[in-house]
Amino acid sequence: WFKISVDGSVSKNNTKAAIGGAVQNSDGEWLMSFNMVTGMDEIFNFEARAIVEGMKLAWLKGYK
């Protein structure tokens, strides 16, 4: 199995937001990480998008 840890942040002037995360294997070893700037949205949507982007990246790298 693998684990995806995610987080999001919003700029002080509320014009930009970013999401990112790291993918680890069952031994806790780093496999890959990602980050991206997004538009403004609700915090739940940031976290959900980070999970989706992490899963897409892991699947593209062959982790299913």
Furthest towards positive pole of dipole, Leu57, Ala22, Gly8, structure part the chain, Cβ charges = Leu57
Against the longest alpha carbon principal axis of the chain, how many degrees, from 0 to 90 and to the nearest 10, is the axis of helix 43-60 turned?
-> 30 degrees
Loop only per DSSP, at most 14 neighbouring Cβ atoms within 10 Å: give me the GluC sites (Glu not before Pro) in the stretch 13-60, ordered by residue number.
-> Glu29, Glu42
Estimated FRET transfer efficiency when R0 is 22 angstrom, pair Asp27-Glu47 (beta carbons, to 0.05) = 0.30
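On the protein heavy atoms, probe 1.4 angstrom, tell me the percent of accessible surface of the chain carried by carbon and sulfur.
Details: 2500 of 4540 Å².
The C+S portion of the solvent-accessible surface of the chain is 55 percent.
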Where the only charges are on Cβ atoms (+1 Lys, Arg; -1 Asp, Glu), what is the dipole of the stretch 3-59 about its Cα centre, to the nearest 20 debye?
-> 180 debye
If ligands, DNA and RNA are left out, what is the accessible area of Trp59 with a 1.4 Å probe, given in Å² to the nearest 10?
-> 120 Å²
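Just to confirm, what accessible area per residue do you get for the chain at 1.4 Å probe, in whole Å²? Can you show the working numbers first?
Numbers: 4540 Å² over 64 residues.
Accessible area per residue, the chain: 71 Å².
What order, most packed first, do the peptides 16-25, 31-40 have when packing is the mean number of other Cβ atoms within 10 Å of each residue? Working shown, then result.
Values: 16-25: 17.4, 31-40: 13.2.
For the peptides 16-25, 31-40, the packing ranking is 16-25, 31-40.
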Candidate aspartates and glutamates for bridging to Lys64, where Cα separation is under 20 Å - those fewer than 8 sequence places away on the same chain excluded | Asp27, Glu29, Glu53
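Could you estimate the translational diffusion coefficient of the chain from the Stokes-Einstein equation, with Rh from the Kirkwood formula over C-alpha pairs, at 20 °C and 1.002 mPa s, in whole µm²/s? Walk me through the numbers before you get to the answer.
Numbers: Rh = 12.1 Å.
This corresponds to a translational diffusion coefficient of 177 µm²/s.
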Using the Karplus equation 6.51 cos²θ - 1.76 cosθ + 1.60 (θ = phi - 60°), what ³J(HN,Hα) coupling, rounded to whole Hz, does each residue of the stretch 14-23 give in order, writing x for Gly and Pro?
-> 6, 9, 9, 9, 9, 10, x, x, 9, 10
Per-pair calculated FRET efficiency, R0 = 35 Å: Asn13 and Lys56 via Cβ, rounded to 0.05 = 0.75
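The values are calculated or read from the model by the stated rules, or taken from the named source; none is laboratory data. Quantities reported herein were computed from a predicted structural model and do not represent experimental measurements. Note that we place each Cβ from the backbone using ideal geometry, even for glycine, and neighbour counts take in every protein chain shown. Heads up: the accessible areas ignore ligands, DNA and RNA and are worked out on the full protein's heavy atoms, side chains in. Shrake-Rupley method; radii C 1.70, N 1.55, O 1.52, S 1.80 Å.
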